[in-house]
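The next block holds one structure in the form of structure tokens; read it before the comments.
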Amino acid sequence: MRPVHGGNLAWAAEKTGCPPDAILDFSASISPLGPPQSAIAAIQANLGNLSYYPDPNYRELRAALSQSHQLPPEWILPGNGSAELLTLAGWDLAKLAVTALVTPAFGDYWRCLKAFNAKVLECPLDLEVREKDSLLPLASCLLPLASDKCGLLLNNPHNPTGKLFSQEAILPYLEKFALVVLDEAFMDFLPPDQDQSLIPLVQKYPNLVILRSLTKFYSLPGLRLGYALAHPDRLQRWQQWRDPWPVNALAAAAAAAVVQDKEFQQQTWNWLPPTKLQLFQGLELVGFQPWQSAANFLLVESEQPSSQLQQQLLQDHQILIRDCLSFPELGDRYFRVAVRLKEENERLVQALSTIINAN
């Protein structure tokens with residue numbers, strides 16, 4: 001079965017007949033710079049804790065996140081990846097009359113809403129508007145839906161377009177919707193002077209929930225790390241709903257270490273802009289139309305079906321890209337690629353050039 005998420009190397013390996021580690025993966029938007037040494041050191045230092053249950057309150061991890069975001073620890077809830085916390089948010093959203101969902105949307109949003117039979121109204125972005133920069137206006141259909149009986153679920157930067165919504169674009173909806181769930185899984189890739197995070201405002205709005213991921217920026221998807229920032233009353237209720245000890249001891253230790261790793265953070269902020277520009281320009285030279293992106297990935301418009309490109313890249317070059325078939329609004333006209341190391345980006349562009357010239 002065709003995967004609906006990126007990073008399914010087991011599926012790709014089965015398709016190509018080669019081992020998973022032989023595949024160059026552009027389908028999952030994971031930083032190629034990690035995991036940071038701080039994470040590895042923390043895991044090694046805590047191997048002895050495998051004989052004990054984790055602290056059910058994750059006090060050390062919450063203290064590290066509290067310091068990072070200048071928020072009291074009770075406003076922070078660690079989770080088994082942001083996917084676990086998204087499910088809990090879906091439970092809350094399903095209690096409302098309707099949830100507005102900005103589309104195209106990450107597939108897990110549909111999963112978490114359908115799991116609790118939430119009523120969903122789609123608010124499509126204007127995909128014909130190709131801004132010269134990465135900022136994007138919110139869907140115009142949101143305003144008529146805004147009420148104290150409705151919820152809003154969106155991500156910023158937006159996946160799969162990579163576009164960024166400004167704080168000013170989102171703020172009016174915090175005054176109008178009963179609950180706003182904002183997924184900031186890729187916000188870490190923007191340095192503090194450029195990001196548009198609403199974390200500084202979370203204490204002002206009890207109807208705001210912010211989800212963050214530690215797996216993409218720090219290259220730790222196998223550990224499953226994420227956290228929610230919201231009013232303590234909501235987080236206490238979520239804690240009662242879920243299974244105990246959702247974050248294992250090694251993941252908690254690694255997370256507490258990486259959020260304090262200023263050197264790795266700065267390294268990533270220095271690396272991403274020029275490397276992303278290199279990939280962007282390389283794709284343009286081959287004849288594709290990449291979108292400007294605030295995140296660590298590019299959405300690319302293609303005249304050749306993306307599923308066909310994916311198959312050829314896998315079979316002939318052992319490279320995996322993310323088709324967009326799971327986004328109905330995009331279909332076979334687009335594919336998505338992560339920004340990887342310079343030489344890996346060059347390998348992708350060269351492989352695409354070979355395929356285009358052969359067709």
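For region 269-296, filtering for residues that are within 19 Å of N159 (Cα to Cα) and not hydrophobic (A, V, I, L, M, F, W, C) leaves 7. Scanning region 1-28 for residues that are under 30 Å from D261 (Cα atoms) and out of contact with any helix residue (DSSP H, G or I) (no Cβ under 9 Å at 6 or more places or on another chain), which turns out modelled with the highest pLDDT? That would be N8. In the set (1) exposed (fewer than 14 other Cβ atoms within 10 Å of the Cβ); (2) within 27 Å of S166 (Cβ to Cβ); (3) touching a helix residue (DSSP H, G or I) at 6+ places or on another chain (Cβ under 7 Å); (4) modelled with pLDDT of 95 or more, P137 fails one condition alone, (4). Taking each residue of region 187-213 that is among the charged types (D, E, K, R) and looking for partners that are assigned to a helix (DSSP H, G or I) and at pLDDT 95 or above with beta-carbon atoms closer than 7 Å, six or more apart or interchain, yields D195/M187.
Evaluating Y173 against the criteria (1) in a loop (DSSP other than H, G, I, E, B); (2) at pLDDT 90 or above; (3) on the phi < 0 side of the Ramachandran plot leaves one unmet condition, (1). Restricting attention to region 13-22, the residues being under 15 Å from P221 (Cβ atoms) and aliphatic (A, V, I, L, M) number 0. So in region 41-83, with the set limited to residues that are closer than 11 Å to Y227 by Cα and either surrounded by fewer than 20 Cβ atoms within 10 Å (Cβ to Cβ) or among the polar types (S, T, N, Q) (or both), which one is farthest from the chain's Cα centre (by Cα)? Here the answer is N80. Candidates A10, A105: the one that is hydrophobic (A, V, I, L, M, F, W, C) and in contact (Cβ under 8 Å) with a residue 24 or more places away in the chain is A105.
The values are calculated or read from the model by the stated rules, or taken from the named source; none is laboratory data. Remember, it's a predicted structure, so these values are computed and weren't measured experimentally. When we count neighbours, we look across all protein chains shown, and the Cβ atoms used for this are built from the backbone with ideal geometry, even at glycine.
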